[in-house]
Amino acid sequence: MSKTFVRRLETITYAIRDGRSISFGEFSEMPFLFPCCEEQQKTASFFSTLNTQISLQEQRLEKLKHIKSACLDKMFV
């Protein structure tokens, strides 16, 4: 959705009755910038680690909720 991408895309689209159509052949030849394989792997590893940390924190939160619930139950005996 970047302005640069949309401008590049406009060069390979053509108008049809209800909108615009993209030429697949021309689209497949558009140059795209993307990170090298090593950087992609590091990014994937970062998000994997982040997901693990989120899961651990969610588990910790659930334990704290149970402790809170138990404390409230004992407080109102």
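The values are calculated or read from the model by the stated rules, or taken from the named source; none is laboratory data. Fair warning: this is a prediction, and the values are worked out from it, not measured in the lab. As a convention, Cβ positions derive from the backbone with ideal geometry for all residues, glycine included, and neighbour counts pool all protein chains shown. SASA here: full protein model, heavy atoms, side chains in, ligands and nucleic acids out. Shrake-Rupley method; radii C 1.70, N 1.55, O 1.52, S 1.80 Å.
The table below lists the values:
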| quantity | calculated |
| --- | --- |
| R0 of 30 Å, Cβ-Cβ distance Phe47-Phe76: FRET efficiency to nearest 0.05 | 0.10 |
| Estimated [θ] at 222 nm from DSSP helical runs (n ≥ 4, -39500 (n - 2.57)) normalised by residues in the chain, nearest 500 | -22500 deg cm²/dmol |
| For the chain, the spread of Cα positions along each principal axis, largest first, Å | 74, 38, 19 |
| Approximate spin-label separation Gln40-Ile54, in nm, with each point projected 7 Å along Cα-to-Cβ | 2.2 nm |
| 1.4 Å probe accessible area per residue over the chain, in Å² | 96 Å² |
| Residues in region 23-57 that a label on Arg7 would reach, taking backbone N under 17 Å of a point 7 Å out along Cα→Cβ | 31-33 |
| Portion, in percent, of the accessible area of the chain that falls on carbon or sulfur, probe 1.4 Å | 61 percent |
| Length gained when the stretch Ser21-Lys63 is fully extended (0.36 nm per residue, less Cα-Cα span) | 9.8 nm |
